[in-house]
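Q: Could you have a look at this structure, given as structure tokens, before my questions?
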Amino acid sequence: MPLGYDYQYWLASMLLDRLDAADGELAEFLHSHTGYKFYTFSNLRLEDRRSVDDGLQFDNAHFYLTSPDKQFIESFSSGLLQEPEFNLGHTEFMVKSVEILDGVDVPSKCTMKTLSPIYVKTRREVEGELKDWDLYAKDAKFHENLHNNLVSRYEEYHGEEPPEDYFEITDIHRFKGRRYTIAGDNRRCSEMEFDVQGSPELLEFGYEAGFGEKNAMGFGCVEVVDGA
């Protein structure tokens, strides 16, 4: 059957299921942990993608998973090979291969492209009540919160402040606002290609753990497309 357009929640759930098959203790920690989760994954890359009335048809698919935690990568890969069949909604998949790629050296100035959209929110007063407000990349608050979130997650993961707190998106070449439905909640987010510069530690951490919020639900995965 065709794959539904909003499949991120199913993919995130499958990921934890396969992690549990290989490392139940790590999977339980991630499931119950109320703080940040330090991984993200891309949208499905669909070969010969075709849109139909109730979703997407395609011949083959792959996706990328990134994390600074190498144990997580290895355990997930092992679990996926142990149980290679899974469903996303009513669509059946069979894993043909899993490849663990070498790490990427992220330049201090480079161009990045989103493989899954970046989600950032703030709190704003609406009709006298503070509510979550999703931000697009054209909003200055998006950039402030993106930076603060990156530093906060770095500090929680490493247990210390980054050696240099410097991160700035200097230009956005391509932008597309997207709306995703995750477990019944609508999220406005940003697909984009952008120039960024910053400290090597923050840029590498963002590349591996994802940029923005809701990374474990498949937001904020990027690739480096050009480096200075």
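Values in this text are rule-based calculations from the coordinates and carry no lab data. Just so we're clear, the structure is a prediction, and the values are computed from it rather than from any experiment. Using ideal geometry, Cβ is built from the backbone for each residue, glycine included, and neighbour counts are taken over all protein chains shown.
Q: Out of every Cα pair in the stretch 45-119, what percent are spaced more than 22 Å from each other?
A: Value for the stretch 45-119 (Cα pairs over 22 Å): 41 percent.
Q: Relative contact order for the chain: what is it in percent, counting Cα pairs under 8 Å that are at least 6 residues apart?
A: So the answer I get is 28 percent.
Q: While we're here: Where does each of 116-125, 51-60, 181-190 land if you order them by average Cβ count within 10 Å, highest first?
A: Per-residue mean Cβ counts within 10 Å order the peptides as 116-125, 181-190, 51-60.
Q: Right, another one. Is there a pair in LYS131/LYS176; LYS37/LYS131; LYS96/LYS214; LYS37/LYS138; LYS37/LYS121 whose C-alpha atoms are over 19 Å apart, and which pairs would that be?
A: Beyond 19 Å: LYS131/LYS176; LYS37/LYS131; LYS96/LYS214; LYS37/LYS138.
Q: For the stretch 86-150, what is the per residue volume of the convex hull drawn over the alpha-carbon atoms, in cubic angstrom?
A: In the stretch 86-150, the Cα convex hull volume per residue is 188 Å³.
Q: How large is the convex hull of the Cα atoms of the stretch 134-193 per residue, expressed in Å³ as a whole number?
A: Cα-based convex hull of the stretch 134-193, divided per residue, equals 101 Å³.
Q: Here's something else I'd like to know. Please compute the Kirkwood hydrodynamic radius over the stretch 109-227, one decimal place, Å, based on all pairs of different Cα atoms.
A: In the stretch 109-227 this quantity evaluates to 14.7 Å.
Q: Taking amide H positions as placed 1.01 Å from N in the peptide plane, with prolines and chain starts having none, which residues 5 or more places from VAL222, or on another chain, fall under 5 Å of its amide H?
A: LEU115
Q: Filter the GluC sites (Glu not before Pro) in the stretch 131-185 to those in DSSP coil with at most 12 other Cβ atoms within 10 Å of their Cβ, and list the result.
A: Listed in order of number, the matching sites are GLU160, GLU164.
Q: Short version: ³J(HN,Hα) in whole Hz for each residue of the stretch 153-162, in order, from phi by Karplus 6.51 cos²θ - 1.76 cosθ + 1.60 (θ = phi - 60°), x for Gly and Pro, what are they?
A: 3J(HN,Hα) across the stretch 153-162, in whole Hz: 6, 4, 5, 5, 6, 8, x, 7, 6, x.
Q: What is the order of ILE169, ILE100, fewest Cβ neighbours within 10 Å to most?
A: Going from least to most buried by this count: ILE100, ILE169.
Q: I would also like to ask the following. What is the diffusion coefficient of the stretch 168-228 in µm²/s, taking the Kirkwood radius over Cα pairs and the Stokes-Einstein relation at 20 °C with a viscosity of 1.002 mPa s?
A: 167
Q: How far, in nm, would the chain grow between ASP195 and SER108 when pulled straight, counting 0.36 nm per residue and subtracting the alpha carbon separation?
A: Taking 0.36 nm per residue and subtracting the Cα distance, the gain is 30.3 nm.
Q: Report, in deg cm²/dmol and to the nearest 500, the calculated mean residue ellipticity at 222 nm for the chain, where each DSSP H run with n ≥ 4 adds -39500 (n - 2.57) and the sum is divided by the residue count.
A: About -9000 deg cm²/dmol.
Q: Between the stretch 169-228 and the stretch 59-122, what is the C-alpha centre distance in whole Å?
A: One Cα centre to the other: 15 Å.
Q: May I pose another question? Taking the Cβ-Cβ separation of ARG49 and GLU85 as r and a Förster radius of 22 Å, what is the calculated FRET efficiency to the nearest 0.05?
A: About 0.50, to the nearest 0.05.
Q: Pulled fully out, how much extra length does the chain show between GLU129 and ASP165, if you take 0.36 nm times their separation in residues and subtract their Cα-Cα distance?
A: Length gained between GLU129 and ASP165: 9.6 nm.
Q: Rounded to whole Hz and in sequence order, give me ³J(HN,Hα) for the stretch 27-33 from the Karplus expression 6.51 cos²θ - 1.76 cosθ + 1.60, θ = phi - 60°, writing x for Gly and Pro.
A: Coupling constants for the stretch 27-33: 4, 5, 4, 5, 5, 8, 5 Hz.
Q: What ratio of Cα Rg to 2.2 N^0.38 Å holds for the chain?
A: Ratio of Cα Rg to 2.2 N^0.38 Å: 1.02.
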